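Data block below; observations after.
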Amino acid sequence: MLLVSLPRVLLAQGGPPMITDDPGTPVNGHWENNIAVVFEHRPNETSWDLPAIDLNYGVGEHIQLTLQGGPVLLKRSGRGLIGGLGGTEAAVKWRFLDEEKSGFDVSMFPRVIFNITQSSVRRGLAEDGTRFQIPFQIAKTFGRFRADAEFGPLASTVGRSEWIYGIVGGVELAKTTMLMAELHGTSRMNFTRDVLTVNVGLRHQLTEARILIASIGHELRAPEQDALALIGYCGVQLLY
């Protein structure tokens with residue numbers, strides 16, 4: 001079953017290392033786990049997720065259970081390095097349409113993002129409050145090309161609600177290699193104060209159960225134009 005699932009995993013270019021998710025789910029009873037180093041650099045500030053842990057488990061043919069989290073390190077200019085636990089995410093993905101039958105893969109991916117320790121919020125390692133997302137994903141394959149899109153609301157117990165949205169395009173350079181490009185954004189509900197990020201990524205199959213995943217991106221637009229972020233992701237996807 002693992003060997004049968006590999007081509008679909010390679011095609012499903014949304015999700016790590018990209019920001020936008022896709023409708024793909026692991027095979028029933030199997031894991032799809034991503035272990036990575038993630039960084040975000042802004043003027044006078046750099047943070048690292050060391051490591052970023054993303055655990056995904058397939059239940060049936062259309063359900064994915066997800067748990068994400070891990071330690072965070074933060075370095076600000078003129079200050080020492082600090083560390084702690086970042087935000088934790090729990091989610092369930094349900095793919096309710098399949099491309100084979102309906103012409104498109106479509107899913108919803110509700111999630112809650114919360115803080116296990118409030119000390120991380122006070123030290124600037126995690127965002128304050130509890131956040132809720134209910135995004136929908138849609139994907140379609142065109143030969144060697146695949147396109148994904150995601151859209152949905154994000155509500156928080158602290159601050160205003162937002163929209164999240166993104167689109168990813170991927171092309172198979174070889175049976176084991178896919179190149180991807182992405183535009184991802186967030187904005188207020190009235191589509192103001194938006195943050196828009198461009199991202200390029202790579203998936204390369206190393207072995208039957210290990211896939212190299214990496215990306216590099218930069219914010220194009222944000223409310224603080226003098227503090228646009230450079231982001232990066234490098235890790236491995238483990239299938240078993």
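The values are calculated or read from the model by the stated rules, or taken from the named source; none is laboratory data. If you're wondering where the values come from, they're calculated on a predicted model, not measured in any experiment. A quick note on method: Cβ atoms are made from the backbone with ideal geometry, for glycine too, and the neighbour counts reach across all protein chains shown. These area figures cover heavy atoms from the full protein model, side chains too; ligands, DNA and RNA do not enter into them. Shrake-Rupley method; radii C 1.70, N 1.55, O 1.52, S 1.80 Å.
Output the qualifying pairs, or none if there are none: Cβ atoms under 6 angstrom, residues six or more apart or on different chains, first residue in the stretch 156-168 and free of Cβ contacts under 8 Å to residues at least 12 places away in the same chain, second residue open to solvent by less than 70 Å² (accessible area, probe 1.4 Å) and in a loop (DSSP other than H, G, I, E, B).
Filtered contacts from the stretch 156-168: no entries.
Which pairs turn up if I take residues in the stretch 20-33 that are without any contact (Cβ under 8 Å) to a residue 40 or more places away in the chain and open to solvent by 20 Å² or more (accessible area, probe 1.4 Å) and look for partners that are hydrophobic (A, V, I, L, M, F, W, C) and part of a strand (DSSP E or B) with beta carbon separation below 7 Å, at least 6 apart in sequence or on another chain?
Close Cβ pairs (under 7 Å, with a partner that is hydrophobic (A, V, I, L, M, F, W, C) and part of a strand (DSSP E or B)) amount to 28/59.
Which one of these is over 18 Å from the mean Cα position of the chain (by Cα), open to solvent by 60 Å² or more (accessible area, probe 1.4 Å) and of a type in the set (Gly, Ala, Ser): 159, 129? I'd like the intermediate steps shown before the answer.
Values: 129 fails: open to solvent by 60 Å² or more (accessible area, probe 1.4 Å).
Matching residue, one of 159, 129: 159.
Within the set of pairs 6+ apart or on separate chains, which have a first residue in the stretch 106-130 that is within 23 Å of residue 165 (Cβ to Cβ), a second that is of a type in the set (Asp, Glu), and C-beta atoms under 6 Å apart?
109/21; 111/89; 113/89
Looking only at the stretch 34-66, which residues are under 20 Å from residue 121 (Cα atoms) and without any contact (Cβ under 8 Å) to a residue 40 or more places away in the chain? Full working, then the answer.
Here is the first cut: in the stretch 34-66, the residues under 20 Å from residue 121 (Cα atoms) are 38-42, 44-53.
Once the filter is applied, which keeps residues that are under 20 Å from residue 121 (Cα atoms) and without any contact (Cβ under 8 Å) to a residue 40 or more places away in the chain, the stretch 34-66 yields 44, 45, 46, 48, 49, 50, 53.
Between a first residue in the stretch 196-215 that is on the phi < 0 side of the Ramachandran plot and a second residue that is among the charged types (D, E, K, R), which pairs have beta carbons less than 6 Å apart while being 6 or more apart in sequence or on different chains?
So the pair list comes out as 196/221; 197/219; 199/182; 211/203; 213/203.
Name every residue in the stretch 110-126 that is in a helix (DSSP H, G or I) and open to solvent by less than 40 Å² (accessible area, probe 1.4 Å), in order of residue number.
Matches in the stretch 110-126: 120, 121.
Go through the stretch 203-220 residue by residue and tally those that are surrounded by fewer than 18 Cβ atoms within 10 Å (Cβ to Cβ) and either among the hydrophobic types (A, V, I, L, M, F, W, C) or modelled with pLDDT of 95 or more (or both).
Residues that pass the stated criteria total 9.
Could you list, in sequence order, all residues of the stretch 33-77 that are among the small types (Gly, Ala, Ser) and either within 23 Å of residue 222 (Cβ to Cβ) or within 19 Å of the chain's Cα centre (by Cα) (or both)?
Taking the stretch 33-77 first, the residues among the small types (Gly, Ala, Ser) are 36, 47, 52, 58, 60, 69-70, 77.
36, 47, 52, 58, 69, 70, 77 - these are the residues of the stretch 33-77 that are among the small types (Gly, Ala, Ser) and either within 23 Å of residue 222 (Cβ to Cβ) or within 19 Å of the chain's Cα centre (by Cα) (or both).
Pick out, from the stretch 135-202, the strands (runs of 3 or more DSSP E) lying fully within it that include 1 or more residues that are under 19 Å from residue 87 (Cβ atoms) and not acidic (Asp, Glu).
Hits in the stretch 135-202: 145-156, 162-174, 177-188.
Of all residues in the stretch 70-90 being of a type in the set (D, E, K, R) and part of a strand (DSSP E or B), which is least open to solvent (accessible area, probe 1.4 Å)?
Top of the filtered list is 89.
State the number of residues belonging to the stretch 176-191 that are in contact (Cβ under 8 Å) with a residue 40 or more places away in the chain and either in contact with a His (Cβ under 9 Å, 6 or more places away or on another chain) or farther than 18 Å from residue 155 by Cα (or both).
We begin by selecting, within the stretch 176-191, every residue in contact (Cβ under 8 Å) with a residue 40 or more places away in the chain; these are 176, 178, 180, 182, 184.
After this cut, where a residue has to be either in contact with a His (Cβ under 9 Å, 6 or more places away or on another chain) or farther than 18 Å from residue 155 by Cα (or both) as well, the list is 176, 178, 180, 182.
Result for the stretch 176-191: 4.
Criterion first (open to solvent by less than 20 Å² (accessible area, probe 1.4 Å) and under 19 Å from the mean Cα position of the chain (by Cα)) does residue 194 satisfy it?
In short, no.
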